[in-house]
1. Please work out the Cα center distance from segment 60-129 to segment 212-274, rounded to the nearest Å.
2. Using Cβ counts within 10 Å as a stand-in for footprinting exposure, how do 291, 65, 242 rank, fewest first?
3. Rank these for me by crowding, 213, 67, 268, going from fewest to most other beta carbons within 10 Å.
4. Would you mind giving the three semi-axes, in whole Å and largest first, of the ellipsoid equivalent to segment 8-71 according to its Cα gyration tensor?
5. Among (i) 0.89; (ii) 0.95; (iii) 1.38, only one was calculated for this model; which label is it, if the read-out is Cα Rg over 2.2 N^0.38 Å?
6. Starting at the first residue of segment 119-131, write each ³J(HN,Hα) from the Karplus equation 6.51 cos²θ - 1.76 cosθ + 1.60 with θ = phi - 60°, in whole Hz, x for Gly and Pro.
7. Near residue 151, within a Cβ-to-Cβ distance under 14 Å, what is the net charge of the other residues, with Lys and Arg +1 and Asp and Glu -1?
8. How many percent of all Cα-Cα pairs in segment 23-108 sit more than 18 Å apart?
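Every number here is computed from the coordinates shown, using simple stated rules; none is lab data. Owing to the predicted nature of the structure, the values given are computational and were not obtained by experimental measurement. In this analysis, Cβ positions are derived from the backbone assuming ideal geometry, glycine residues included, and neighbour counts consider all displayed protein chains.
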Amino acid sequence: MTRPAHANHLPLLPAAAFVLVWSSGYISGPAAVHAAAPFSVLGWRFVVAALIAAGLSLALRRPTRMDRATLGRVALVGLVMNALQFGLMYVAFDLGLGATLASLFHALSPVLTALLAAGLLGERVSRVQVLGFGVGVAGVLLVLGADLGHAGGPVAVVIGALSMLTLSLGTLGQRWIGAQPDLLWSAAVQFAVSAPPLLVLGWLTEGAWPVTDGRQALISVLFLAIVNSIIGLVLLSLLVLRGGSGAAASLFFLSPPVTAVLAWLILDETLSPTQLVGLVVAVVGVGAATRTRAAPAPTAVPAAAQDVGTQ
């Protein structure tokens, strides 16, 4: 069947909205950990997101069929993608990792995923992807500079890098699921299984009520759950439907500069001239590495959307 001429083009408004929503996660995350402890914030975020996703699934009468093996794989991947990946990044935020640097780490994730797929699964990787990843890492190193104090210290930087690695591993794990369960029900399961371990970990390490600013904590949790978890997922699935997972992933290189502007406006984060150069270098590297050839839009939206990941 002939592919429509527009199949590999992303609609401008949803694409711009997705980049803004994705980037806003690196602003709302640090704001949340300033108001409450990281594990507790994330735990309640996933409780709210799971309830919303399940409610939407019921309201829209989405198919609930999922065999036990698929359910187990969806849940396990959800623990990596949500509890582990976000848990690491929010601890890094709590230690002082900046929003722009966190965005740069995650912008490199689609390229790292391709490299891991080549090494672990034998998939093909292009020279441009390898070179782009190298250029992106060089840009991140420029942003970091010789003194890691401004980035929260070596521990925060290492934890942020580990978050990037777990995001890539989780993305590969989505392929391991094999089946193509409904996107909303799959998201509801992954949010639901991620909440209890985070809440228990928070209770054990942060106390029963680790909140310093109740109003800001409530707003942050609701924003993270509704905007970043649910609206971001809906926008991503729309973009994957229109342009494919590769085209949607190619938007990731736009997140660091948008995050840098938002961080400057909202969090009062500033970058030195050298860091700005590093930001540009990293964005160029990621942009080159995630550039995709024209490809037909996928028929299975849920699997493709999950293959990109959500913020």
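1. Each part reduced to its Cα centre gives a spacing of 15 Å.
2. Values: 291 15, 65 9, 242 20.
Ascending number of Cβ neighbours within 10 Å: 65, 291, 242.
3. Final ranking by Cβ density, sparse to dense: 268, 67, 213.
4. 26, 23, 11
5. Step by step, Cα Rg over 2.2 N^0.38 Å for this structure corresponds to label (ii).
6. Couplings: x, 9, 10, x, 6, 6, 10, 8, 4, 5, 5, 5, 5 Hz.
7. Working: positive: none; negative: 94, 147, 269.
Taking every other residue near residue 151 into account, the sum is -3.
8. Value for segment 23-108: 54 percent of Cα pairs lie more than 18 Å apart.
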